[in-house]
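Written below as structure tokens is the structure these notes are about.
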């Protein structure tokens with residue numbers, strides 16, 4: 001008898017250990033940063049609010065970090081399938097977190113304070129994290145791991161890079177050149193990191209981890225707002241110092257500072273993400289109990305924030321969800337049930353009272369004074385329609401500061417902020433990027449014949465984009481530093497565009513091999 005033998009290839013154990021240790025080192029860095037932020041926060045609490053509040057924070061912060069750890073374990077450390085096992089921790093998860101952490105606000109400054117001391121301790125903390133991200137990106141670029149620079153000028157990311165370069169150029173004639181230059185560099189850094197990620201990611205499963213990681217950030221911010229209710233109930237629930245609307249309270253983050261408007265928008269985003277995963281289009285069963293809990297918590301948070309734009313954005317996102325998941329019958333049945341209930345029963349009156357938020361007719365008609373700001377801003381824009389007054393600086397220093405509103409940081413509108421800051425030249429690439437992403441995602445979902453992971457993520461992305469696009473009319477959502485909820489969608493649209501372009505190239509080459517000498521328009525398979 002002839003004996004047969006098989007050669008079994010065993011993994012390289014030292015290389016495996018090395019790769020695992022490298023991944024662990026990247027995983028540890030965010031928790032070091034979180035620990036530093038928590039320590040600084042507790043010291044700030046002790047200095048301003050006494051030892052009792054600091055003691056409560058010492059108890060609450062570890063609980064919050066533990067809950068964040070559970071979320072991270074759920075997202076990265078316990079894959080339930082072979083596809084999910086690709087969503088492991090990588091170097092860009094850490095840098096994405098550092099960008100998010102750099103944008104956290106721990107104090108609110110007036111225009112005069114910025115003029116007097118532009119680089120206080122918290123500003124240095126922000127700059128320091130961004131320098132770390134920028135340094136790592138430059139090192140990886142020099143090592144060509146990956147060569148991401150060219151990716152900044154391709155597709156939708158390239159359009160936003162062009163917008164950022166216009167913003168950067170406007171620092172030459174800005175009313176506050178240093179502010180414009182720094183803020184423009186921040187947004188360029190965000191785009192550079194996104195370009196590096198796109199050069200690295202090779203599958204929808206890997207990109208899904210970036211979605212999950214981003215949503216975890218904003219879920220943590222909402223959790224911190226609820227913890228602030230336990231530590232500073234008056235500051236977290238009565239930010240104006242008095243009762244607001246029919247509920248009397250308006251949920252706000254204190255440390256870090258998160259406005260009630262942002263609380264409402266983040267809750268709307270997470271609520272729609274939960275709904276997309278409860279009503280999937282790819283047929284995959286997900287943790288229904290987890291997403292039902294997330295949906296419930298998000299709805300409660302959004303209601304307590306009393307943010308009307310967030311509620312409108314959520315309803316628009318819900319409409320997109322119904323359309324692209326092809327649940328039109330469910331949507332029609334819900335409307336037939338809810339519309340008569342609102343119009344006939346006392347629910348309609350109660351809902352209107354809630355939406356009024358205690359404001360009088362003049363306040364409602366001016367959109368909480370936004371129209372007054374925008375009217376003055378439009379007057380400024382007409383003075384310099386081509387160049388503007390400097391990106392990021394115009395709204396705060398040329399408009400709001402002149403109106404005596406030194407603590408208000410933006411015009412509460414992405415589009416008006418862009419045209420006042422950069423004129424028409426900045427608005428063109430920004431609108432091209434936004435409209436291009438809308439066109440591509442809707443076209444992709446309409447033409448998709450299969451319902452896999454790619455389609456599920458596009459379905460999730462377009463519902464969230466609906467919230468952001470509507471709220472960008474009333475809030476700065478898309479053009480400010482660390483708007484990661486928007487950039488993750490930009491990146492996914494660009495990922496799909498490049499993937500489709502690569503498939504088209506392969507198809508052309510295959511046709512050339514099968515039909516040599518035949519022109520492309522005549523080559524039919």
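Laboratory data are not the source of any read-out in this text; all were calculated from the coordinates shown. Computed from a prediction, not measured in an experiment: that's the story for all the values here. Every residue, glycine as well, gets a Cβ built from its backbone with ideal geometry; the counts of neighbours run over all protein chains shown.
By how many nm would the segment from residue 299 to residue 278 lengthen if fully extended, with 0.36 nm per residue of separation less the alpha-carbon distance?
6.1 nm
Modelled label-to-label distance, residue 123 and residue 341, 7 Å Cα→beta-carbon offset: nm?
Distance between label points: 5.1 nm.
At a Förster distance of 25 Å, what's the computed FRET efficiency of residue 242 paired with residue 113, Cβ-Cβ distance as r, to 0.05?
E between residue 242 and residue 113, to the nearest 0.05, is 0.50.
How many angstrom lie between the Cα centre of the range 381-439 and the Cα centre of the range 453-487?
Each part's Cα centre sits 19 Å from the other's.
Want the number for residue 382 to residue 513: 0.36 nm per residue separation, take away the alpha-carbon distance, what's left?
41.3 nm
Which FRET efficiency value, to the nearest 0.05, is calculated for residue 332 and residue 106 with the Förster distance at 41 angstrom and r the Cβ-Cβ distance?
0.30
By how many nm would the segment from residue 355 to residue 505 lengthen if fully extended, with 0.36 nm per residue of separation less the alpha-carbon distance?
Between residue 355 and residue 505, full extension yields an extra 48.8 nm.
Would you mind computing, in nm to one decimal, how far apart the modelled labels at residue 288 and residue 131 are, each placed 7 Å from Cα along Cα→Cβ?
Between residue 288 and residue 131, the simple spin-label model gives 5.3 nm.
With N set to the residue count of the range 346-416, report its C-alpha Rg divided by 2.2 N^0.38 Å to two decimal places.
1.40
Per residue Cα convex hull volume for the range 135-277, in cubic angstrom?
178 Å³
Reported to two decimal places, what Rg/Rh ratio describes the range 222-287 when computed on Cα atoms with Rh from the Kirkwood expression?
Rg/Rh: 1.15.
What shape does the range 147-225 take by its C-alpha gyration tensor, where a ≥ b ≥ c are the square roots of the eigenvalues and a/c under 1.5 counts as rounded, a/b above b/c as prolate, and the rest as oblate?
oblate
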